[in-house]
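The structure under discussion appears below in the form of structure tokens.
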Amino acid sequence: ERMAGYSVGSAFVLVDGTHIESQNSKGVVAVANPQGEISVEDVDRVIEAARAVSLPSSREIVHVIPRYFVVDSQSGIKDPLGMNGVRLEVETNIITGATTALRNIAKCITQVGVTVEGMVFSGLASTYATLTDTEKELGVILVDFGGGTTDVCIFVDGAPAHCGVLPIG
């Protein structure tokens, strides 16, 4: 469709609302390489393992954000690629939303001829637009007051530890 003189074929869509919740989850895998060097596939597998949380059918995952990795017993690793080890763990922050709300948003967007590339929690998008890496590393709370809701994201050691939405605008 054409908006402001531009054609939009696909878009990332912001999601917001009090149905957004977050929880922390851990994933653990054995390093696949016999020499013990951690690969991109190992990182993908451990994040996928952290994704395997028990959720009711009324909720679905919007984001799985790695907070830090653990290689064998060494904790607090930001990027384990190329390190050696036999056991890889990840601590993640998982942001979920109500399935019906997410599907209704996607349906509205696709009905105007735009393909939904992905969904992004608006509070998280606000952190990427306003916070520096240093602020996130030191620890910060972003509070985004909106018209009907308030988004809150808490960063510890450079990664989100908790995100949520308050029903106050």
(Q) Among the numbered criteria (1) surrounded by 11 or more Cβ atoms within 10 Å (Cβ to Cβ); (2) over 30 Å from PHE145 (Cβ atoms); (3) hydroxyl-bearing (Ser, Thr, Tyr), which one does SER57 miss? (A) (1)
**Q.** In region 130-156, residue surrounded by the fewest Cβ atoms within 10 Å (Cβ to Cβ) [restricted to those that are part of a helix (DSSP H, G or I), of a type in the set (Asp, Glu) and under 18 Å from the mean Cα position of the chain (by Cα)]
**A.** ASP133
Q: From GLU91, GLU117, grab the single residue that is buried (at least 17 other Cβ atoms within 10 Å of the Cβ) and among the charged types (D, E, K, R).
A: GLU91
Q: Determine whether THR100 is in a helix (DSSP H, G or I), surrounded by fewer than 17 Cβ atoms within 10 Å (Cβ to Cβ) and touching a residue at least 40 places away in the same chain (Cβ under 8 Å).
A: yes
Q) Could we say that ILE109 is among the β-branched types (Val, Ile, Thr), under 19 Å from the mean Cα position of the chain (by Cα) and either in a strand (DSSP E or B) or farther than 19 Å from LYS26 by Cβ (or both) here? A) no
Q) How do the pairs read when you match residues in region 40-64 that are within 19 Å of SER22 (Cβ to Cβ) with residues anywhere that are open to solvent by 80 Å² or more (accessible area, probe 1.4 Å), using Cβ under 9 Å and keeping only pairs 6 or more apart or on different chains? A) ALA49/LYS26; ALA50/LYS26; SER58/THR100; ARG59/GLU21; GLU60/ARG103; ILE61/ARG51; VAL64/GLU48; VAL64/ARG51
Q) Counting only residues that are surrounded by 14 or more Cβ atoms within 10 Å (Cβ to Cβ) and touching a strand residue (DSSP E or B) at 6+ places or on another chain (Cβ under 7 Å), how many does region 1-35 have? A) 16
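The values are calculated or read from the model by the stated rules, or taken from the named source; none is laboratory data. In this text the structure is predicted, and so the values were computed from the model without any measurement. Virtual Cβ from ideal backbone geometry, glycine too; neighbours counted across all protein chains shown. Ligands, DNA and RNA are stripped out before the accessible areas are found, and what is left, the full protein with its side chains, is counted by its heavy atoms. Shrake-Rupley method; radii C 1.70, N 1.55, O 1.52, S 1.80 Å.
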